[in-house]
Amino acid sequence: MISHTDVAVIGAGAAGLAAGLRLLRSGVRFEVLEAADHVGGRAETDTQTLGTPVDLGCHWLHDARNNPFTPIARSLGFDLWEGRSFRDRRLHLGARYATPPESDAAWQAVDDAFDAVWAAGEAGRDVPARDVIAPAGRWQPLVDHWLTFMASAPPEEMSTRDCALYRDSPDNWAVLDGYGALVQAHARVVPVTLSCPVRRIDRSGPRLRLETDRGTLECGAVVVTASPAVIAGGHLGFFPALPDHLAEAFHALRLGMVEKVALAFDRDVFGVAPRTTLDAFDEAAPGRGVVSAILNPDGSNGALVHVMGPSIAPLLDDGPDAMAAFALEALANVFGAGIKAHAVRARATRWARETFIGGAYSMAQPGKAHLRARLHEGLDGRIFFAGEAVGGSAYSTCHGAHLSGIAAAEAALACAGAIP
């Protein structure tokens, strides 16, 4: 790593890579520094566990018709699945599958909850989602599960106003070759220094000084793509310290727990069509929670199981094997204990325990949705923030991070008067 440059980028996830591409085109000197030993951040595709691409982080091209990665994917030959619904959507209640009328009622309860949250937020109310959703009776576990899935926070910790700031559309497409692979392929020409965490930004002098595990890098401007959890947790420090209004904003944007477990089997143990989805919970023991899974993704003999919420914290603390065992047990409750004998590989994410990530995606705490906008202001006219938390109406998404990285790079270039 060199000791001087014009612009530095901290982090090589979707935002940092997008910033790197923009800086590369400008011709200025720049460095991209990544704490991990690989690029991509939460955009990571696993091709080994199931033998087909499985995204461990971002998976969906949200708002696909307006998503900048849609034309990028097509230009690079990535296969997109444009289905508006899953081929087969199943709901299991612990001892049996739900009947069609039960399924209709269950999903209507979920839709009603989302509608109530959005209506409250659009009316300007910034309160916990729990305060505005109607009791859902037997479907309450499913409602709470899907609200948590959407926000990476349980309904008690979701801001209705923050939810309403998010722009959604029916066009949520899958990147069958892997969203993480797409992000990395698009930015393959960006040079990145790996295994180089930045510990502190010294902004006390005329030049910024980035203190890293490989020495100090001086620069005129910096694009910070570290997550709010990294900054709020003190893993990236500032000297002098962040002003109170920015520190408050980073603490207000929590990254919750949404994790994935990929399970491979030596045969088809499910007997369903590829990309069948399953939601399962035990009505007799609702406290066990709900799991969602994609079965036989892309024709593989396997499953991608989603688990989430504060209740999974002990599993994360116990490690990947505990996560895998939990996911396998959840599937065995539906398809029989015999499937366990055919499980051959597993991989579990631990985003919430990754020091330089710290969770899934951002959600403002109730009453603090307005603080998200502060991150767009930057600091000192030479430190600019990017990442999914700074994605505007596309926050929590990969393309929101991508767009924020470009905007932050352009701000850094303008700061140096270097836009060509």
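The values are calculated or read from the model by the stated rules, or taken from the named source; none is laboratory data. In this text the structure is predicted, and so the values were computed from the model without any measurement. Just so you know, the surface numbers come from the protein's heavy atoms only, side chains and all, with ligands and any DNA or RNA stripped out. Shrake-Rupley method; radii C 1.70, N 1.55, O 1.52, S 1.80 Å.
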Problem set entry | Cα centroid separation - segment 12-42 against segment 48-116, whole Å | 29
Exercise. If you roll a 1.4 Å probe over the chain with all protein chains in place, what percent of the accessible area is carbon or sulfur?
Worked result: 51
For this session: Work out Dmax and Rg for segment 24-63 from the C-alpha atoms and quote the Rg first, both in angstrom.
Result: 14.6, 42
Seminar exercise, completed: segment 272-420: relative contact order from alpha carbon pairs under 8 Å, six or more residues apart, as a whole percent, is 11
Exercise. Per 10 Å bin, what percent of the C-alpha pairs of segment 351-391 does each bin hold, from zero upward?
Worked result: 25, 45, 30, 1
Exercise. Using a ≥ b ≥ c from the Cα gyration tensor of segment 1-128 (square roots of the eigenvalues), is it rounded, prolate or oblate, where a/c under 1.5 gives rounded and otherwise the larger of a/b and b/c decides, a/b for prolate?
Worked result: prolate
Problem set entry | Per residue solvent-accessible surface (Å²) - segment 66-143, probe of 1.4 Å | 54
Exercise. How big is the chain in terms of Cα radius of gyration and Dmax, in angstroms?
Worked result: 21.6, 68
Exercise. Which whole-number percent is the relative contact order of segment 1-49 (Cα, under 8 Å, 6+ apart)?
Worked result: 43
Problem set entry | Solvent-accessible area per residue for segment 182-328 (1.4 angstrom probe, square angstrom) | 38
Seminar exercise, completed: Relative contact order of the chain (C-alpha contacts under 8 Å, at least 6 apart) in percent is 25
Problem set entry | Computed [θ] at 222 nm, helices only, for the chain once each DSSP H run of length n ≥ 4 contributes -39500 (n - 2.57) | -9000 deg cm²/dmol
Problem set entry | Within a Gaussian network of the chain (alpha carbon springs, distance under 10 Å), most fluctuating of ARG167, ARG372, ARG347 | ARG167
Seminar exercise, completed: The answer for the chain, counting only DSSP H helices whose Cα atoms cover 15 angstrom or more along the axis and whose Kyte-Doolittle average is 0.0 or greater, is 14-26, 140-151, 320-335, 398-415
Problem set entry | Semi-axis lengths (Å, descending) of the ellipsoid that matches the C-alpha gyration tensor of segment 95-180 | 22, 20, 12
